[in-house]
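In what follows, a structure is listed as structure tokens, so that the remarks can point back to it.
The values are calculated or read from the model by the stated rules, or taken from the named source; none is laboratory data. Since the model is a prediction, treat every value here as computed from it, not as a measurement. Backbone-built Cβ (ideal geometry, glycine too); neighbour counts: all protein chains shown. Note: areas computed on protein heavy atoms with side chains; ligands, DNA, RNA excluded. Shrake-Rupley method; radii C 1.70, N 1.55, O 1.52, S 1.80 Å.
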Amino acid sequence: MSRSAHPAGPRHGDVLPEGHYFAPPADLNALDPKVWARTVDRTDEGSVTVGGLDVRALAEEFGTPAYVLDESDFRARCRAWRDAFGGEADVFYAGKAFLSRAVVRWLHEEGLNLDVCSGGELATALSAGMPAERIALHGNNKSIAEIERAVEAGVGRIVLDSFQEIVRVAHVAERLGKRQRVQIRVTVGVEAHTHEFIATAHEDQKFGIALAGGRAAEAVRRALKLDGLELVGIHSHIGSQIFDMAGFEVSARRVVQLLAEVRDEHGVELPEIDLGGGLGIAYTSDDDPREPQEIAVALSRIVTRECEAAGLAVPRISVEPGRAIVGPTAFTLYEVGTVKELDGLRTYISVDGGMSDNIRTALYDAEYSVALVSRSSDADPMLVRVVGKHCESGDIVVRDAFLPADVAPGDLIAVPATGAYCRSMASNYNHALRPPVVAVQDGAARAIVRRETEEDLMRLDVG
Ligand code: LLP
């Protein structure tokens, strides 16, 4: 969406309260490949297809709302990340973005590793056959039960987040007669340019151990002394939905500095560094994300240069993209229920989902795009707000966008780039039934997560 001050003042139909206006896209039927999954296309007839399947048929078979995920796109993005480093780095998909057993199998088949951050994600990974040594366990407050399960299963690494956890993991490992490979998560003091709630490397927040004040160096000192731990590296994750590489470069530089200090103090060269996830994706045509290849080259170059300067062997790099792999691969398919024109303001389009299937707009002011997908239209653009069916006015899916003025109840519209942090953050607010995730590939579709039913709700309600 191009948001710019309107030189001539607001015009009817495109007024925004902020005194800005959106320029409608030149062609409302066009589907920008930046924001849509790779196999999405509009047929000559006007409707949209994905994986060779018409969205109208998908809506008929699976109902709406539904997350529709392009499996071949997901796999292609996995391969792009794996190949970007030429085999010289490990890619851990961040399961918090979206995880299901099918996803675990795809990751396994495409040669990726998996970052989990809870017992539930760990259970999903193990139950779908991800080899434990390819799993990393994260979290700033892992329970003893989660730690035990991970150590018993033999996960490849546990990322330690606090002084207490260093001792906790060591005790569990010793009790189980194991030596657990661990990394220490540090905060490097970088202000990532993203929403405050998803920035994680500045000092005043809950994650990691600060490099500042020698705290991270102290954590290394303690971890190296404990028999239950094999300290293999340092971890830094600076935030999410970031476009600017500068933060990653500073982070890499500071982590390498710590490795040099550790070598000087202990005579130990830690063999791994993990630079986390956080790479941004395009939610609207205005966003310009980087390609994995470009990111890999930049990160490898900076780590190599810093290590050479410090006289260190270059450690094995790992990264943890979540959003950048799954985000662009899915869209949410909704049916329009009501169309309400507010004179001189905008038109509210109510869909059959809302903040229960996409909380990101309400939570982070996230911007999304939207398109009419069950047909094409030559009608003029109309300024719309796509809202859900929940009982509050903050229930907004797409704050400001243009749709053809003839959009009507029964039309299907779709919001692209909803693969990450939508199903995984979905809720049952107002006892909404969480939508299915439908995977499509080569003309075939199947639910990899089925739609919730009222029986599912009742099963938990044991009063
Ligand atoms: N590694 C660690 C340690 C993380 O905490 C995260 C995300 C990732 C990797 C993956 O980040 P990604 O590549 O997906 O940006 N719910 C928020 C995002 C929270 C991110 C939490 N950690 C959102 O919807 O924007």
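Under a plain spin-label model, where a point goes 7 Å from the Cα along Cα-to-Cβ, how far apart in nm are ARG253 and ASP343?
6.0 nm
Measure nothing but the geometry: give the 0 to 90° angle between the long axis through the Cα atoms of 163-175 and the longest principal axis through the Cα atoms of the chain, rounded to 10°.
Tilt relative to the chain: about 70 degrees.
With unit charges on the beta carbons (Lys and Arg positive, Asp and Glu negative) and the dipole taken about the Cα centre of the chain, which residue among ALA173, ALA408, GLY139 sits farthest to the positive side?
Result: ALA173, furthest along the dipole toward the positive end.
How many Å² of accessible area per residue for the chain, probe 1.4 Å?
On the way: 19060 Å² over 463 residues.
Per-residue accessible area for the chain comes out at 41 Å².
Check SER376: other-chain or 5+ apart residues with amide H under 5 Å from its amide H, H built from backbone geometry?
Result for SER376 returns SER47.
May I ask you to rank THR187, THR39 by accessible area, largest first, using a 1.4 Å probe over the protein chains only?
The ranking, largest first, comes out as THR39, THR187.
In degrees, nearest 10, range 0 to 90: what is the angle between the Cα axis of helix 144-153 and the longest Cα principal axis of the chain?
Value to nearest ten degrees: 80.
Using the per-residue mean of other Cβ atoms lying within 10 Å as a proxy for protection, in what order, highest first, do the peptides 275-283, 407-415 fall?
Top of the packing list down: 275-283, 407-415.
Starting with the highest mean, order 284-293, 314-323 by the number of other Cβ atoms within 10 Å, averaged over the residues of each peptide.
Going by the mean number of other Cβ atoms within 10 Å, highest first, we get 314-323, 284-293.
Need the full-extension length gain, GLU191 to ASP456, defined as separation in residues times 0.36 nm minus the C-alpha distance. One decimal, nm. Provide the component values of the computation, followed by the final result.
Details: separation 265, 0.36 × 265 = 95.40 nm, distance 4.22 nm.
Going from the current span to full extension adds 91.2 nm.
Assign unit charges at the C-beta atoms only (+1 for Lys and Arg, -1 for Asp and Glu), then state the dipole size of region 138-321 relative to its Cα centre in Debye, rounded to the nearest 20. Provide the component values of the computation, followed by the final result.
On the way: 21 positive and 29 negative charges, 168 e Å.
That gives region 138-321 a dipole magnitude of about 800 debye.
Which part of region 29-45 falls in the paramagnetic zone of ALA76, meaning amide N under 18 Å from the point 7 Å along Cα-to-beta-carbon?
Backbone N within reach: 31-43.
So if R0 is 25 Å, what FRET efficiency would SER127 and ARG446 give, r being the distance between their Cβ atoms, rounded to the nearest 0.05?
Here the calculated transfer efficiency is 0.85.
Calculate how many DSSP beta bridges within region 138-321 are antiparallel, expressed in % of all such bridges and rounded to the nearest 5.
The antiparallel fraction comes to roughly 5 percent.
Find the relative contact order for the chain and round it to a whole percent, using C-alpha pairs within less than 8 Å whose residues are 6+ positions apart.
Value for the chain: 20 percent.
Projected onto the charge dipole of region 294-442 (+1 at Lys/Arg Cβ, -1 at Asp/Glu Cβ, origin at the Cα centre), which of ILE396, VAL351, THR329 gives the Cα projection farthest towards the positive end?
THR329
What ranking of ASP378, ASP54 comes out by heavy-atom accessible area, probe 1.4 Å, highest first? Mind dumping the intermediate values first?
Working: ASP378 150, ASP54 35 Å².
Correct descending sequence by accessible area is ASP378, ASP54.
Using the crude model of +1 on Lys and Arg Cβ and -1 on Asp and Glu Cβ, and no other charge, please compute the dipole size for region 374-463 relative to its Cα centre, in debye to 20.
280 debye
Calculate the FRET efficiency for SER424 and SER393 from the Cβ-Cβ distance with a Förster distance of 35 Å, rounded to the nearest 0.05.
0.90
Can you tell me the length gained on complete extension of the stretch ALA310 to GLU269, counting 0.36 nm per residue apart and subtracting the Cα distance?
Length gained, ALA310 through GLU269: 13.6 nm.
What part of the accessible area of the chain, given as a whole %, is carbon or sulfur when the probe is 1.4 angstrom?
48 percent
State the dimensionless ratio Rg/Rh of region 395-463 (Rg: radius of gyration of Cα atoms; Rh: Kirkwood radius).
Reported Rg/Rh (Cα atoms, Kirkwood Rh): 1.03.
Okay, helix-only estimate at 222 nm for the chain: each DSSP H run of n ≥ 4 adds -39500 (n - 2.57), divide by all residues, round to 500 deg cm²/dmol; what do you get?
Computed ellipticity for the chain at 222 nm equals -8500 deg cm²/dmol.
What angle do you read, to the nearest 10 degrees and between 0 and 90, between the alpha-carbon axis of helix 71-84 and the longest principal axis of the chain?
Rounded to the nearest ten degrees, it is 40.
Under 8 Å for C-alpha pairs, at least 6 residues apart: give me the relative contact order for region 209-364, rounded to a whole percent.
The normalised contact order for region 209-364 reaches 20 percent.
Rounded to the nearest 20 Debye, what is the dipole magnitude of the chain about its Cα centre when Lys and Arg each give +1 and Asp and Glu each give -1 at the C-beta?
The dipole magnitude comes to about 1340 debye.
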